[in-house]
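One structure is given here, and the rest of the page talks about it.
The values are calculated or read from the model by the stated rules, or taken from the named source; none is laboratory data. Please read these numbers as outputs of a predicted model, since none were measured by experiment. When we count neighbours, we look across all protein chains shown, and the Cβ atoms used for this are built from the backbone with ideal geometry, even at glycine. Just the protein is used for accessible areas: all its heavy atoms, side chains included, with ligands, DNA and RNA removed. Shrake-Rupley method; radii C 1.70, N 1.55, O 1.52, S 1.80 Å.
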Amino acid sequence: YKNKALIEHIIIKAKNDGFRNIYVSVNYLKNKIINQLKDGKKFGLKFNYIKEKKKLGTAGCLSVLKNKTKYPVIVTNCDIISSISFSELLNFHKKEKSDLTVVIKEFKSQNPFGEIKIKNKRVVDIIEKPISLSYINAGIYVVNPSLFRYIPKNKFLNMNSFITTLNKKKKKVVPFPITSRWSDVSDKLSKNNV
């Protein structure tokens, strides 16, 4: 991954999966990103930039795409590395007839201590270093264009709030569990800087 920006790895992955049109939403370091990527020709792709005047969030920037596409859009954060197949994800989304698909990853965490269970002011059990299992948001989504109407224009909207809105509207939000390699690079960078 040396000598290439994370976004370039994601772009090359999308190209290898057969995608040709890419929207890049930019706000922070906008000019640096555009100067690095240009119009996409060096990748053999066509880039369209969503230039945010203010931070719109992962879902908020999609309001710009209203009436610009009739196909589902794959959205990915640019601070993650994964070996997910975008074409497999899109096929799953279509097969499930999902309105929005959220890529999820199994996450295990282990308590380094013995967990005490108490009932009626008595210790009833000690579970030594229990492991808990949960699913985390992998920062990759597929969104049907019919959902863009629920996104206010030029307003910040993160994906969590958007999904809450869609659930209230009884839209079909489906998880896509992955077992493939996945890493949140920003999390690692922030931990190294602490």
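Scan the range 50-59 for residues that are touching a Ser or Thr at 6+ places or on another chain (Cβ under 9 Å) and either surrounded by 19 or more Cβ atoms within 10 Å (Cβ to Cβ) or in contact (Cβ under 8 Å) with a residue 60 or more places away in the chain (or both) and jot them down.
Filtering the range 50-59 for residues touching a Ser or Thr at 6+ places or on another chain (Cβ under 9 Å) gives 50-52, 56-59.
Selection gives 56, 57, 58, 59.
Return a yes/no flag: does the range 41-62 have any residue that is touching a Pro at 6+ places or on another chain (Cβ under 8 Å) and either modelled with pLDDT of 90 or more or in a helix (DSSP H, G or I) (or both).
Within the range 41-62, one or more residues are touching a Pro at 6+ places or on another chain (Cβ under 8 Å) and either modelled with pLDDT of 90 or more or in a helix (DSSP H, G or I) (or both).
Within the range 121-138, can one find any residue that is open to solvent by less than 40 Å² (accessible area, probe 1.4 Å), in a strand (DSSP E or B) and modelled with pLDDT of 90 or more? If you could, list the steps in order and put the result at the bottom.
Looking only at the range 121-138, we keep the residues that are open to solvent by less than 40 Å² (accessible area, probe 1.4 Å), and these are 130, 138.
Checking which are in a strand (DSSP E or B) leaves us with 138.
Filter again for modelled with pLDDT of 90 or more, leaving 138.
Among the residues of the range 121-138, at least one is open to solvent by less than 40 Å² (accessible area, probe 1.4 Å), in a strand (DSSP E or B) and modelled with pLDDT of 90 or more, which makes the answer yes.
Looking only at residues in the range 1-22 that are surrounded by fewer than 17 Cβ atoms within 10 Å (Cβ to Cβ) and in contact with a Leu (Cβ under 8 Å, 6 or more places away or on another chain), which one is farthest from residue 86 (Cα to Cα)? Before you say what the answer is, go through the steps one by one.
Here is the first cut: in the range 1-22, the residues surrounded by fewer than 17 Cβ atoms within 10 Å (Cβ to Cβ) are 1-6, 8-9, 12, 15-21.
Narrowing the set further to residues that are in contact with a Leu (Cβ under 8 Å, 6 or more places away or on another chain) leaves 8, 15, 19-21.
Working: 8: 15, 15: 10, 19: 9, 20: 12, 21: 14 Å.
Selected residue: 8.
So which pairs qualify, if the first residue must be in the range 60-75 and farther than 11 Å from residue 147 by Cα, the second must be open to solvent by 30 Å² or more (accessible area, probe 1.4 Å) and not in a helix (DSSP H, G or I), the Cβ gap must be under 7 Å, and the two must be at least 6 apart or on different chains?
Going by the 7 Å Cβ cut-off, the qualifying pairs are 60/155; 60/156; 61/25.
Is there any pair with a first residue in the range 142-163 that is closer than 18 Å to residue 27 by Cβ and a second that is exposed (fewer than 13 other Cβ atoms within 10 Å of the Cβ) whose Cβ atoms are under 8 Å apart and which are 6 or more apart or on different chains, and what are they?
154/53; 154/54; 156/54; 156/55
Test each condition in (1) surrounded by 15 or more Cβ atoms within 10 Å (Cβ to Cβ); (2) over 28 Å from residue 166 (Cα atoms); (3) not hydroxyl-bearing (Ser, Thr, Tyr) for residue 110 and report the one that comes out false.
All conditions pass for residue 110, except number (1).
Among the residues of the range 65-91, how many are open to solvent by less than 50 Å² (accessible area, probe 1.4 Å) and either part of a helix (DSSP H, G or I) or hydrophobic (A, V, I, L, M, F, W, C) (or both)?
Residues flagged as open to solvent by less than 50 Å² (accessible area, probe 1.4 Å) and either part of a helix (DSSP H, G or I) or hydrophobic (A, V, I, L, M, F, W, C) (or both) within the range 65-91 amount to 11.
How many residues does the range 140-163 contain that are open to solvent by 70 Å² or more (accessible area, probe 1.4 Å), assigned to a helix (DSSP H, G or I) and polar (S, T, N, Q)? Write out each step before concluding.
Of the range 140-163, the ones open to solvent by 70 Å² or more (accessible area, probe 1.4 Å) are 149, 153-156, 160.
Pick out the ones that are also assigned to a helix (DSSP H, G or I) and you get 149, 160.
Restricting the remaining residues to those that are polar (S, T, N, Q) gives 160.
Residues flagged as open to solvent by 70 Å² or more (accessible area, probe 1.4 Å), assigned to a helix (DSSP H, G or I) and polar (S, T, N, Q) within the range 140-163 amount to 1.
Mind checking which pairs have a first residue in the range 81-103 that is free of Cβ contacts under 8 Å to residues at least 60 places away in the same chain and a second that is crowded, with 19+ Cβ neighbours inside 10 Å, Cβ under 8 Å, 6 or more apart or different chains?
90/72; 90/74; 90/142; 94/72
I want to confirm something. Restricting to the range 71-87 and keeping residues that are among the β-branched types (Val, Ile, Thr) and under 16 Å from residue 100 (Cα atoms), which single residue is nearest to the chain's Cα centre (by Cα)?
To start, the set of residues in the range 71-87 that are among the β-branched types (Val, Ile, Thr) comprises 73-76, 80-81, 84.
Checking the rest, the ones that are also under 16 Å from residue 100 (Cα atoms) come to 73-76.
Values: 73: 12, 74: 9, 75: 6, 76: 4 Å.
Here the residue is 76.
If you go through the range 10-40 one residue at a time, how many are basic (Lys, Arg), in a helix (DSSP H, G or I) and under 29 Å from residue 91 (Cβ atoms)?
Restricting attention to the range 10-40, the residues satisfying the condition of being basic (Lys, Arg) are 13, 15, 20, 30, 32, 38.
Of the ones still in play, those that are also in a helix (DSSP H, G or I) are 13, 15, 30, 32.
Restricting the remaining residues to those that are under 29 Å from residue 91 (Cβ atoms) gives 13, 15.
Qualifying residue count, the range 10-40: 2.
Touching a residue at least 12 places away in the same chain (Cβ under 8 Å), open to solvent by 60 Å² or more (accessible area, probe 1.4 Å) and farther than 20 Å from residue 70 by Cα: does that describe residue 116? Working first, answer last.
Values: touching a residue at least 12 places away in the same chain (Cβ under 8 Å): no; open to solvent by 60 Å² or more (accessible area, probe 1.4 Å): yes; farther than 20 Å from residue 70 by Cα: yes.
Here the answer is no, as residue 116 does not meet what is asked.
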